[in-house]
1. How do 8-14, 18-24 rank on mean C-beta neighbours within 10 Å, highest first?
2. For Lys42, give me every one of the lysines with a C-alpha distance below 27 angstrom, ignoring sequence neighbours fewer than eight places off in its own chain.
3. Dividing the convex hull volume of the alpha carbon atoms of the chain by its residue count, what do you get in Å³ per residue?
Amino acid sequence: CLHYSSAAPEFRERTLIAVKPDGVQRRLVGEIIGRFERRGFKLVGIKILQASEGILANHYHDLQRKPFYPALIRYMASGPVVAMVWEGHNVVKSSRLMVGETDSSQAKPGTVRGDFSIHISRNIIHASDSVEVAEKEIGLWFHGAELIDWETKDHTDLYNV
Ligand code: UDP
Ligand code: MG
């Protein structure tokens, strides 16, 4: 059966990760993918795109009234973004920890932001901040057919099942 997945729902949480234009320019895409792969998360969607004003306005609509919003949209539209969907147990929470604090100067070494960025306005990467938000963001950035539901063969090495 082609689309069967043995993973229980608790192992199938998904999040949207995006390498922002500064991360792409600085050739950090492979480094970032490597971190999520080595952690054991499963890549189920990936593409490079020039984000439209529409997608960015929707993605950051909660921040519309913030003073930094216009600069944020210009930054996010300044070059291509690599959007990805990663899957696994608690991936939303774990990826926020891997990404580090929003303000790069507060981000701990060992995190993506803490290792590769200095300033809050050029912080390399986006990660959804809750499961509900992740579902919305995945629906915004990806069509259902772009997400590939493949079966992991090392399941018992990753999870105690
Ligand atoms: N941002 C900014 N200045 C600020 C706060 C946020 O430029 O003072 C940008 C930054 O790129 C950040 C994004 O707006 O990643 C979204 O802000 P949020 O608070 O959601 O942070 P995140 O979830 O990305 O850590
Ligand atoms: Mg956020």
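Read-outs throughout are calculated quantities, based only on the coordinates presented, and are distinct from any laboratory measurement. Owing to the predicted nature of the structure, the values given are computational and were not obtained by experimental measurement. Neighbour counts run over all protein chains shown; Cβ positions are idealised from the backbone, glycine included.
1. Highest to lowest by the protection proxy: 18-24, 8-14.
2. Within reach: Lys20, Lys93, Lys108, Lys136, Lys153.
3. Hull volume normalised by residue count: 114 Å³.
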